[in-house]
1. Scan the range 200-216 residue by residue and report those that are in contact with a helix residue (DSSP H, G or I) (Cβ under 7 Å, 6 or more places away or on another chain) and surrounded by fewer than 17 Cβ atoms within 10 Å (Cβ to Cβ).
2. If I filter the range 224-237 for residues that are within 17 Å of residue 57 (Cβ to Cβ) and part of a loop (DSSP other than H, G, I, E, B), do I get at least one hit?
3. Would you say residue 133 is in contact with a strand residue (DSSP E or B) (Cβ under 6 Å, 6 or more places away or on another chain) and surrounded by 14 or more Cβ atoms within 10 Å (Cβ to Cβ)?
4. Can you tell me which residue in the range 306-337 is modelled with the lowest pLDDT, limited to those that are surrounded by fewer than 19 Cβ atoms within 10 Å (Cβ to Cβ) and part of a loop (DSSP other than H, G, I, E, B)?
5. With respect to the numbered conditions (1) in a loop (DSSP other than H, G, I, E, B); (2) in contact with a helix residue (DSSP H, G or I) (Cβ under 6 Å, 6 or more places away or on another chain), which one is the sole condition not fulfilled by residue 219?
6. Among the helices (runs of 4 or more DSSP H) confined wholly to the range 29-103, which include 3 or more residues that are crowded, with 18+ Cβ neighbours inside 10 Å and at pLDDT 70 or above?
7. Out of (1) in contact with a helix residue (DSSP H, G or I) (Cβ under 7 Å, 6 or more places away or on another chain); (2) modelled with pLDDT under 95, what's the single condition that is false for residue 340?
8. If you scan the range 293-303, which residues turn out to be under 23 Å from residue 366 (Cβ atoms) and out of contact with any strand residue (DSSP E or B) (no Cβ under 8 Å at 6 or more places or on another chain)?
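The values are calculated or read from the model by the stated rules, or taken from the named source; none is laboratory data. A quick note: this is a predicted structure, and the numbers were derived from the prediction, not measured. Cβ sites come from the backbone with ideal geometry, for glycine too, and all protein chains shown count toward neighbours.
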């Protein structure tokens, strides 16, 4: 096992060495940027965060994302709220490991090298600002944004819009579930919209996730400070990949019953895999995985927020996505190319066996994907698309072999 890991790490290090971060390399620093203003804004954010301890992003407890007993961590049969949404928290874990805030169970990986490269100029103030306030974007899309725009874009410059829309339309026609799912693109430019930032901060205040005594003027000042900091050079003028490094699927839960069925695709997580050389596969694969969770929602699959429960639902989503990606009537991708991407996508050091966000080991995830591919191959000649219920039954039958060490 150790020999295998060392071999993989060497390959990944070689892969990363060829990557360049065009946005950071070509960033032109604004001569008009007031460094004193940025420093003051950072101090404002730090001072505010130090007074809050009731919500995961402000908590001093590093396990708060999964252990906080608040309404966003409320357990539900379909969705456990964003703080316990496995994919949301999983991508959080990747950033935590790459930035040194979590211990490696296995790793480092290609993503760790990538993230390490793009945060090379961050200091304590930047890390504090990022870990305290960057989640605002995700809770906004989870809690507030429930109406899809007709001109929704994906990618900082809209570069993922066509492939996202094409894949989303294809997924809806491929699978036999209700297609009332909506999709959003999450951009770092969210933080440049102080009205949206104020709206989510006001919701935090309403639910007492921040001090309910926080005044309207203080919220306005806080939103402007966030705008200043995330619009600074260190955050690439709102375009830093970590400001939008996530993707997740969500349905209404027991508390927030008016949440629309949705998928949120962040620019940053797609940028990462494009930088690693998988721009032809990444968007479709990530989106197909998230759509897999909606197939589970529609089939009333139980989402148990335990290591074993999360592993089962995530491995199933991997299998569902691989089935679609390689099926004759799906994305019709070449398995070798899909496999090549998944080896990097899955090789993310997830040996956190006791973590409720555990997605399965890289080998287990690859076996789940291979299962999906094999089922697609078996039906390729006839071109038949299995009903989702039948595919899930086949997956459960194969589950023991998939998780076998």
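1. Scanning the range 200-216 gives 202, 203, 207, 212.
2. Our first condition is that a residue be within 17 Å of residue 57 (Cβ to Cβ); within the range 224-237, this holds for 225-226, 229-230, 235.
From what is left, the residues that are part of a loop (DSSP other than H, G, I, E, B) are none.
Checked the range 224-237: no residue is within 17 Å of residue 57 (Cβ to Cβ) and part of a loop (DSSP other than H, G, I, E, B).
3. Details: in contact with a strand residue (DSSP E or B) (Cβ under 6 Å, 6 or more places away or on another chain): no; surrounded by 14 or more Cβ atoms within 10 Å (Cβ to Cβ): yes.
When the stated conditions are applied, residue 133 does not pass them.
4. Once the filter is applied, the top-ranked residue is 306.
5. Checking residue 219 against (1) in a loop (DSSP other than H, G, I, E, B); (2) in contact with a helix residue (DSSP H, G or I) (Cβ under 6 Å, 6 or more places away or on another chain), the one that fails is (1).
6. Working: elements: 35-50, 64-67, 86-98.
Where helices (runs of 4 or more DSSP H) fall fully within the range 29-103 and carry at least 3 residues being crowded, with 18+ Cβ neighbours inside 10 Å and at pLDDT 70 or above, they are 35-50, 86-98.
7. So residue 340 meets the others, but not (1).
8. Those that are under 23 Å from residue 366 (Cβ atoms) and out of contact with any strand residue (DSSP E or B) (no Cβ under 8 Å at 6 or more places or on another chain): 295, 296, 301, 303.
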